[in-house]
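Worksheet for the structure shown next.
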Amino acid sequence: MLRHSSASPLLSLPGAVPAEAPDDGVAGHYGDLFREQRALADGSGFVDLSHRGVVTVRGAERLSWLHLLLTQHVSELPPGQATEALVLSAHGHVEHAVYLVDDGETTWMHTEPGQQEALIAYLESMKFFYRVEVADRTDDFAVVYLPAGSITEAPEGAVVRETPHGRDLFLPRAALESFAAAHGPAIGVLALEALRVEAHRPRLGLETDHRTIPHEVGWIGSAVHLQKGCYRGQETVARVHNLGKPPRRLVFLHLDGSEVHLPPHGTPIRLAADGAEGRQLGFVTTAVRHHELGPIALALVKRNVPVDAPLLAGGTAAAQEVVVEP
């Protein structure tokens, strides 16, 4: 996966430990993972997400044009109202997840690290006669996350995307270090990931693979508008919604706290009754250590896995909670 060309300057802050893929380039933590999680939960600090891709679309027809390409209803998106959307393949598989806001003149969106070039290539291929300008602004703007409840004011020149979970700032990249000095403490992405898993929010490339459809991970409603059509993959979305039978479903796992190591992404999920040699029924997507809940995870399993069945994540016992109904 492509990355922004340089590591974040905030990796020079005291205690900074670099994150691993897909979040390499920013800090995983600054020395105290649970303290950082508690700070975020209390509305303090900020998270450096400057490794994420930033794409803008300008032009009078930008929203009506994006409405034809994205899964979300954006043709009448009011300035300042945040939303999220997907780009699907012709077969309805998720290719991109974008988190966007319009400021009245420009639509701003951020993507997974390194995905902006592929997203732009797709958007450019669909311009036809529409009067729109698509640009990669990753070198000019850095994404910074402020938790819900934060009283930090957005600095001049920043574009704000406010959601119930917090605020994303599209901050001029040159202002990143001065922002950090004025609005600390800096908090690593591992703390944000722990709160994301707790909230059951999927992430592209972790909770998804090449055949994921939106229904499987809970993106219906938040990123997919069911009363609109005219976008690639819409037929699959409608068919699966009407039948109510996505092939897989996202689950939340409470992991055995006595295990030293967390199961990595891709660890097989099996029924505990079948043991470690049983048939694989899914895989772990993200596992984290939470400051209150202990080791927890998200996993993608086959739809017909009983919702009350004890599971094994590799060799780790796991109790499941329903995220997506079977």
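The values are calculated or read from the model by the stated rules, or taken from the named source; none is laboratory data. In this text the structure is predicted, and so the values were computed from the model without any measurement. Backbone-built Cβ (ideal geometry, glycine too); neighbour counts: all protein chains shown. Note: areas computed on protein heavy atoms with side chains; ligands, DNA, RNA excluded. Shrake-Rupley method; radii C 1.70, N 1.55, O 1.52, S 1.80 Å.
Rounded, prolate or oblate: pick one for region 95-229, where a ≥ b ≥ c are the square roots of the eigenvalues of its C-alpha gyration tensor, a/c under 1.5 means rounded, and failing that, prolate if a/b is larger than b/c, else oblate. Oblate, since a/c reaches 1.5 and b/c is not below a/b. Near T208: Cβ cut-off under 15 Å, other residues only, Lys/Arg at +1 and Asp/Glu at -1. The net charge is 0. With all protein chains in place and ligands, DNA and RNA left out, the 1.4 Å accessible area ranks V159, V322 as V322, V159, largest first. In summary, the aspartates and glutamates within cross-link reach of K228, defined as a Cα separation below 14 angstrom excluding same-chain residues under 8 places away, comprise E76. Taking every DSSP beta bridge that has both ends in the chain, the antiparallel portion is near 95%. In the chain, taking the dipole from charged Cβ atoms about the Cα centre, the farthest positive-side position among L63, L226, A313 is held by L226.
In summary, the aspartates and glutamates within cross-link reach of K127, defined as a Cα separation below 16 angstrom excluding same-chain residues under 8 places away, comprise E61, E117, D136.
The phi-based Karplus calculation (6.51 cos²θ - 1.76 cosθ + 1.60; θ = phi - 60°) puts the 3J(HN,Hα) values of region 74-86 at 10, 4, 10, 5, x, x, x, 8, 7, 8, 9, 8, 10 Hz, whole numbers, x for Gly and Pro. State whether the chain is rounded, prolate or oblate according to the following rule on the C-alpha gyration tensor (a ≥ b ≥ c being the square roots of its eigenvalues): a/c under 1.5 gives rounded; otherwise a/b larger than b/c gives prolate, and the remaining case gives oblate. Taking the square roots of the gyration eigenvalues as a ≥ b ≥ c, the chain is oblate. If you take all other residues with their beta carbon under 15 Å from the beta carbon of R35, and give Lys and Arg +1 and Asp and Glu -1, the sum is -2. Taking a sphere under 11 Å around the Cβ of Y122 and counting the other residues whose Cβ falls inside, with K and R at +1 and D and E at -1, yields a net charge of -1.
The 3J(HN,Hα) values that the Karplus relation (6.51, -1.76, 1.60; θ = phi - 60°) gives for region 133-141 are, in residue order, 10, 9, 9, 8, 10, 4, 6, 9, 10 Hz. Gly and Pro appear as x.
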